[in-house]
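The values are calculated or read from the model by the stated rules, or taken from the named source; none is laboratory data. As the structure is a computational prediction, the values presented were derived from the model and not from experiment. Every residue, glycine among them, receives a Cβ derived from its backbone with ideal geometry; neighbour counts consider all protein chains shown. Note: accessible area is taken over every heavy atom of the protein model, side chains too, but ligands, DNA and RNA are not part of it. Shrake-Rupley method; radii C 1.70, N 1.55, O 1.52, S 1.80 Å.
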Amino acid sequence: MINRAVVSLLPLVPRSLVWKISRRYIAGKSLEEALQCVKELNDQGMSATLDVLGEDSTSSEQALRGEEIYQRALAEIDRQSLDANISVKLSMLALRFDESLCLEILQRLIRTAEIHDSFVRIDMEDSSVTEKTLDIYRRLRKDTDKVGAVVQAYLRSTESDVQKLLDEGDTFLRLCKGIYVEPEEIAFNDFTEIQDAFLRNLELMLRGGIKKVGIATHDTRLVEGSLDLLQRLEIPKERYEFQMLLGVTEKLRSELVENGHPLRVYVPFGEEWYAYSSRRLRENPKIAGHVIRNMLPF
Ligand SMILES: Cc1cc2nc3c(=O)[nH]c(=O)nc-3n(C[C@H](O)[C@H](O)[C@H](O)COP(=O)(O)OP(=O)(O)OC[C@H]3O[C@@H](n4cnc5c(N)ncnc54)[C@H](O)[C@@H]3O)c2cc1C
């Protein structure tokens with residue numbers, strides 16, 4: 001309830017104050033600021049993935065503008081010899097109104113990623129686009145290993161999706177809990193059930209010969225459970241990486257790096273930070289709770 005109250009009060013908070021609070025979680029408004037952030041993370045032994053903040057596109061022009069920033073990001077990452085790739089949301093790249101344009105944009109981004117020896121991660125959005133997103137991933141990965149998808153542990157369908165993807169061949173998946181509010185019929189809503197599903201899916205992937213998994217969580221129980229699985233199954237470092245959001249659980253992040261585990265930080269940036277952040281908060285008021293807790297000095 002408190003989280004919802006915070007979200008409903010958001011329009012009354014001055015933008016400059018929201019920006020101050022968001023700065024910890026967002027690298028900046030420009031690509032240059034994001035690249036500087038990546039450089040600092042690289043210097044601390046972490047890789048990164050760049051995410052352009054944006055609303056769902058409603059016109060091809062808007063989607064192509066999104067592509068253009070990502071194209072520049074891939075070129076600059078290479079030019080500055082940074083250790084980073086990109087994460088894209090298909091709804092920003094025309095998925096909801098023109099699937100063939102979306103596929104074309106992705107194919108162009110992947111071509112650029114191939115030229116620069118980089119990688120395109122397709123983020124997973126709400127359940128209305130899960131199947132479409134996985135279908136697009138399947139089509140693309142037939143021809144390249146420079147693309148990866150994301151699966152959400154809270155979806156009841158995820159275990160069978162993962163099994164199918166593994167049966168179809170090597171995969172590059174990120175595993176996360178899932179951030180959108182979904183109904184009980186299709187998603188676990190209970191905290192422990194989601195944690196259990198996360199570890200079951202991770203074990204399925206590791207035993208099923210996944211090429212590389214991104215373990216995206218800040219949840220201590222899940223990090224410990226994952227470390228235990230990695231050790232028991234003797235998984236080499238090339239087959240996994242931990243992934244965390246910029247500004248979140250930095251101590252846990254550093255401990256993993258100090259212990260020699262590969263770790264990638266998700267670095268959001270962009271002019272549309274305000275519209276994007278308020279939409280995400282409205283969609284899932286729990287995020288407000290996380291942010292407030294992280295701001296407290298205890
Ligand atoms: C690299 C990465 C990529 C992701 N990609 C996707 C995606 O493609 N699709 C999708 O649906 N979800 C994605 N997520 C979000 C994910 O699904 C979870 O909603 C989110 O990570 C919170 O779950 P948790 O496992 O960290 O556990 P929680 O129990 O929710 O969090 C553990 C602790 O981490 C901190 N924390 C977690 N999230 C935040 C936050 N947003 N702000 C501040 N503090 C926080 C809090 O201190 C919290 O107590 C991604 C997450 C990461 C780390």
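Of note, Phe191 satisfies the criterion of being without any contact (Cβ under 8 Å) to a residue 12 or more places away in the chain, within 11 Å of the ligand (Cβ to nearest atom) and not basic (Lys, Arg).
For Gln163, indicate whether it is farther than 21 Å from Val52 by Cα, more than 16 Å from the ligand (Cβ to nearest atom) and polar (S, T, N, Q).
yes
Selection of the range 81-103 for residues being in a helix (DSSP H, G or I), open to solvent by 10 Å² or more (accessible area, probe 1.4 Å) and touching a residue at least 12 places away in the same chain (Cβ under 8 Å) yields Met92, Glu99, Leu101, Leu103.
In the range 13-42, the residues that are over 18 Å from Leu245 (Cβ atoms) reach residues that are assigned to a helix (DSSP H, G or I) and open to solvent by 90 Å² or more (accessible area, probe 1.4 Å) with C-beta atoms within less than 7 angstrom, at least six apart or across chains, in these pairs: Leu31/Arg72. Evaluated against (1) surrounded by fewer than 23 Cβ atoms within 10 Å (Cβ to Cβ); (2) farther than 14 Å from Asp56 by Cβ, Leu106 falls short on exactly one condition, (1). One residue alone among Glu255, Glu241, Glu250 is away from the ligand (no atom under 13 Å from the Cβ) and outside the structural domain of Ser16 (by TED's automatic domain parsing), and that residue is Glu255.
Among the numbered conditions (1) over 19 Å from Ser87 (Cβ atoms); (2) modelled with pLDDT under 95; (3) in contact with a Lys or Arg (Cβ under 6 Å, 6 or more places away or on another chain), tell me where Gly247 comes up short. Going through (1) over 19 Å from Ser87 (Cβ atoms); (2) modelled with pLDDT under 95; (3) in contact with a Lys or Arg (Cβ under 6 Å, 6 or more places away or on another chain) one by one, Gly247 breaks only (1). Regarding the range 152-173, can at least one residue be identified that is in contact with a Phe, Trp or Tyr (Cβ under 6 Å, 6 or more places away or on another chain) and not acidic (Asp, Glu)? Looking through the range 152-173, at least one residue is in contact with a Phe, Trp or Tyr (Cβ under 6 Å, 6 or more places away or on another chain) and not acidic (Asp, Glu). There is at least one residue in the range 170-188 that is within 24 Å of His218 (Cβ to Cβ), among the β-branched types (Val, Ile, Thr) and within 16 Å of the chain's Cα centre (by Cα). In the condition set (1) crowded, with 18+ Cβ neighbours inside 10 Å; (2) closer than 19 Å to Phe269 by Cα, Asp78 is compliant with all but (1).
Counting only helices (runs of 4 or more DSSP H) that sit wholly inside the range 1-72, those with at least 2 residues that are away from the ligand (no atom under 16 Å from the Cβ) and surrounded by 15 or more Cβ atoms within 10 Å (Cβ to Cβ) are 31-43.
Ser128 meets all of the listed conditions (1) within 21 Å of Gln243 (Cβ to Cβ); (2) within 13 Å of the ligand (Cβ to nearest atom) but one, namely (1). For the range 240-274, the tally of residues that are buried (at least 20 other Cβ atoms within 10 Å of the Cβ) and of a type in the set (Gly, Ala, Ser) stands at 1. List pairs: first residue in the range 243-268 and under 20 Å from Leu74 (Cα atoms), second residue hydrophobic (A, V, I, L, M, F, W, C) and open to solvent by 40 Å² or more (accessible area, probe 1.4 Å) anywhere in the structure, Cβ distance under 6 angstrom, at least six positions apart or on different chains. The qualifying pairs are Tyr266/Leu245.
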